[in-house]
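The values are calculated or read from the model by the stated rules, or taken from the named source; none is laboratory data. All values reported here derive from a predicted model rather than from experimental measurement. Please note: Cβ atoms are built from the backbone with ideal geometry, for glycine as well, and neighbour counts cover all protein chains shown. Ligands, DNA and RNA are stripped out before the accessible areas are found, and what is left, the full protein with its side chains, is counted by its heavy atoms. Shrake-Rupley method; radii C 1.70, N 1.55, O 1.52, S 1.80 Å.
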Amino acid sequence: MFSFEGVRSGYGRTEVLHGIDLEVPDDGVTTVLGHNGAGKTTLLKTVMGLLPVRSGRITWDGEDITRLSAHQRVRMGLAWVPQGQKSFGSLTTRENLLVVAEAHPGGKERLDGVLDLFPALGELMDRRAGLLSGGQRQQLSIARALLTGPRLLVLDEPSEGIQPSVVQEIEEKIVGLASRSGTQVLLAEQKVGFALEAADRYAVLATGRIVRSGLADEAAVDAAREALAV
Amino acid sequence: MEILISQLFAGLSLGSVLLLAAVGLSLTFGQMGVINMAHGEFIMAGAYTAFTVQQILGSAGVSLLVSLPLAFLVGGLLGLILEATLLRRMYHRPLDTLLVTFGVSLILQQLARDIFGAPSVDVRLPELLSGPVMIFGTPVPASRVFILALTVVVVAGLSLLMSRTSLGRRIRAVVQSRELAEASGISSRRTDALTFFVGSGLAGVAGVAITLIGSTSPTLGTTYIVDAFLVVVAGGIGQIRGAVIAAAGLGLLQVFFEFGTTASIAKVIVLVIVVAFLQIRPQGIVATRTRGLA
């Protein structure tokens, strides 16, 4: 169980998250919904240790990880797919994958499996990541995250700026991954349809506070839309 | 023709010395964006390492071979200490790093004066490098040819390190995006320390090479630091290829202008040319996006 207990966080002097309580269970997909500026990216960056916690604490399986650096959390099994298909643009696809694989025990052994999951990347190994399309960069971003052998995969708006057919493919991969390997998924999205189709549980974030949460069943779509409309 | 070859070689030779002094900076300043004014003193530390080794071992040839890796270690360790104790707290504060490292450079100069004395000392050349060698019928100093060859080896080694090794990939990844690298499980702090070790170690190697063409004194570093920054900036920050072109260009310009004038006037003309060039092309010969510029 990954837990936020009264977490406050933000940038510089600006506080964006105002006391977040959130639990991500050990299996399935948990999605955080919210409009632009609601604090989704801030929440995920705080999960990853990229933003400091001002008060409150973050625990994972009972262990307090509030003060751990990002790379220490990744070594523990957290993996991040950032918003905007970010990659190491001047490195080739191969180098993007290798630099992560080399930083993790067993990373190189996972390379073939990851390329099986995203076969398109196999044909783009010598191309600079900065020259890939948005969809290809998103696949590379997820592939990089999977090379770390994650227990909790954190995805920040993976559908943003990507054509619908690729969004569908990415959603299938995420759901398949969560069910097959037992990897926890924490997904931030503003597209309610995409997010709830993939999710088992949801939470709605508005102006830095969780305003609704529950199981992602049929009633959740209306409940989430209602909460987002407020 | 003989004069042209002689001048051409003198220019390339000067360029190779400049490049050797600047190649470590292309890592610490170019890649990491740290303005390290003590880089010149790391060069000086390398030079005194060569002097000390020769005092202990006696043989000029053997001591040169021992000095090169040892000076790399000495320069690297000095850089590592500077990074861990001061610079680590000052990334993203370039003016602070400039002032602090200037202070460190003065301390290191004084330390050298206390240990080795203020007067300059000389490192004896190995017999093999003492005389001239003939290139296209023109005699050129063997020591200069050795420095040229050493520069080629160092630059090729650094290029290979950056493009083919795990450390090189890590350095480039951290330069590109510290946040993404950290969130990919790469310790940016450890990578910064290693980058600084390699960059400062190369300054030590430059110091050994410089003992082959001149005297060693506590202020040796100040002679080279400005030119080294000039090479990195004119070449395009973070670009080894750009630094190679800039160093060769600056060396050749300096020597050719010197031919008709004096060394001081030639220096002024070269500086004016570099300033004018940077007005037209501020990003340098080869452009890139680094953490320092992002």
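Just a few scattered comments:
- All positions within segment B:213-262 that are open to solvent by less than 40 Å² (accessible area, probe 1.4 Å), closer than 20 Å to B:ALA156 by Cβ and among the aliphatic types (A, V, I, L, M): B:ALA228, B:VAL231, B:VAL232, B:ILE240, B:ALA243, B:ALA246, B:ALA247, B:ALA248
- Number of the condition not met by A:GLU169 [criteria: (1) open to solvent by 20 Å² or more (accessible area, probe 1.4 Å); (2) in contact with a strand residue (DSSP E or B) (Cβ under 7 Å, 6 or more places away or on another chain)]: (2)
- Inspection of segment B:10-20 finds a residue satisfying the criterion of being crowded, with 24+ Cβ neighbours inside 10 Å, of a type in the set (Ser, Thr, Tyr), more than 26 Å from B:ARG170 (Cβ to Cβ) and in contact (Cβ under 8 Å) with a residue 60 or more places away in the chain.
- Number of residues in segment B:162-198 that are in a helix (DSSP H, G or I), within 7 Å of chain A (Cβ to nearest Cβ) and open to solvent by 10 Å² or more (accessible area, probe 1.4 Å) equals 7.
- Residues (over 19 Å from A:LEU111 (Cα atoms) and either in contact (Cβ under 8 Å) with a residue 60 or more places away in the chain or open to solvent by 70 Å² or more (accessible area, probe 1.4 Å) (or both)) located in segment A:150-161: A:VAL154, A:LEU155, A:ASP156, A:GLU157, A:PRO158, A:GLU160, A:GLY161
- Selection from segment A:83-112 of residues that are farther than 18 Å from A:GLY149 by Cα and either not assigned by the TED database to the domain that holds A:GLN138 or not in a helix (DSSP H, G or I) (or both): A:GLN83, A:GLY84, A:GLN85, A:LYS86, A:SER87, A:PHE88, A:GLY89, A:SER90, A:LEU91, A:THR92
- Some residue of segment A:147-160 being away from chain B (no Cβ under 14 Å) and out of contact with any strand residue (DSSP E or B) (no Cβ under 8 Å at 6 or more places or on another chain): yes
- Selected residue (criterion: nearest to A:ASP126 (Cα to Cα)) from residues of segment A:77-104 that are more than 9 Å from every other protein chain (Cβ to nearest Cβ) and either in contact (Cβ under 8 Å) with a residue 40 or more places away in the chain or open to solvent by less than 10 Å² (accessible area, probe 1.4 Å) (or both): A:THR93
- Per the listing A:ARG57, A:ARG110, the residue uniquely open to solvent by 10 Å² or more (accessible area, probe 1.4 Å), in contact with a helix residue (DSSP H, G or I) (Cβ under 7 Å, 6 or more places away or on another chain) and more than 11 Å from chain B (Cβ to nearest Cβ) is A:ARG110.
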